[in-house]
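Data block below; observations after.
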Amino acid sequence: MTEKELYTLVEELSKVYFKRSFIDKVCFNNRLRTTGGRYIPAKRVIEINPKYLEAGMEEFKGIIKHELCHYFLHIDGKGYKHGDKDFKQLLKETGSPRFCNPLPFQKNEYHYQYVCKSCKQVYKRRRRVNVKKYRCGKCRGVLQLMSTSKD
Ligand SMILES: [Zn+2]
Ligand SMILES: [Zn+2]
């Protein structure tokens with residue numbers, strides 16, 4: 001999906017669920033990790049995590065709707081934060097998910113792959129490992145990060 005296609009999708013969802021036009025900026029942000037998206041009030045920018053495309057289109061649209069709730073309330077000068085009454089109300093009205101990160105990935109979890117420099121044993125870890133602290137379980141050799149991948 002290109003950013004242009006993303007914009008088109010955001011426009012569409014704005015019309016369908018909010019009956020309004022989206023007139024600001026939306027972009028992908030690869031650096032977002034566990035969050036599906038965020039809204040930056042100072043810049044009036046919605047950032048979307050492209051990794052969440054793999055969560056499926058419904059989830060992906062949910063993230064956009066959630067961010068649009070922040071957005072429209074903010075430009076209207078209403079309570080746009082998670083704890084605000086206006087925000088909770090609009091989430092309900094538009095059927096948007098409560099959180100920016102509606103699901104932890106089940107199938108598409110990130111893995112870090114480490115290889116022992118000595119015996120070449122491969123280790124897959126869900127989280128980053130401190131290689132200064134953790135050594136190979138077989139030979140106590142030094143581990144080296146090979147790749148980060150999904151499976
Ligand atoms: Zn949010
Ligand atoms: Zn080893």
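Quick notes
- Selection count, the stretch 83-97, where residues are outside any helix (DSSP H, G or I) and either exposed (fewer than 14 other Cβ atoms within 10 Å of the Cβ) or out of contact with any Phe, Trp or Tyr (no Cβ under 9 Å at 6 or more places or on another chain) (or both): 4
- The stretch 57-87: number of residues that are of a type in the set (K, R) and either touching a strand residue (DSSP E or B) at 6+ places or on another chain (Cβ under 9 Å) or under 18 Å from R38 (Cβ atoms) (or both): 3
- Restricting the stretch 1-36 to residues that are modelled with pLDDT under 95 and under 21 Å from T94 (Cβ atoms), the residue that is most open to solvent (accessible area, probe 1.4 Å): I23
- When E58, E54 are screened for being acidic (D, E), part of a helix (DSSP H, G or I), free of Cβ contacts under 8 Å to residues at least 12 places away in the same chain and open to solvent by 20 Å² or more (accessible area, probe 1.4 Å), only E58 passes.
Listed here are the residues, each with its yes/no results for (1) of a type in the set (S, T, Y); (2) touching a residue at least 40 places away in the same chain (Cβ under 8 Å); (3) in a helix (DSSP H, G or I); (4) out of contact with any Cys (no Cβ under 7 Å at 6 or more places or on another chain).
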position	(1), (2), (3), (4)
K4	no, no, yes, yes
Y7	yes, no, yes, yes
V10	no, yes, yes, yes
S14	yes, yes, yes, yes
I23	no, no, no, yes
R31	no, no, no, yes
R38	no, yes, no, no
A42	no, no, no, yes
I46	no, no, no, yes
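- Screening Y71, Y80, Y134, Y110 for residues that are modelled with pLDDT under 95, surrounded by 14 or more Cβ atoms within 10 Å (Cβ to Cβ) and not charged (D, E, K, R) leaves exactly one candidate, Y110.
- Candidate set: the stretch 25-40, residues that are within 9 Å of the chain's Cα centre (by Cα) and within 11 Å of ligand 1 (Cβ to nearest atom); chosen: the one nearest to R127 (Cα to Cα): T35
The values are calculated or read from the model by the stated rules, or taken from the named source; none is laboratory data. On a predicted model such as this, the values are computed, not experimentally measured, just so you know. Quick reminder, even Gly has a Cβ in these numbers, built from the backbone with ideal geometry, and neighbours come from all protein chains shown. Calculation scope for accessible area: heavy atoms of the full protein, side chains included, ligands and nucleic acids excluded. Shrake-Rupley method; radii C 1.70, N 1.55, O 1.52, S 1.80 Å.
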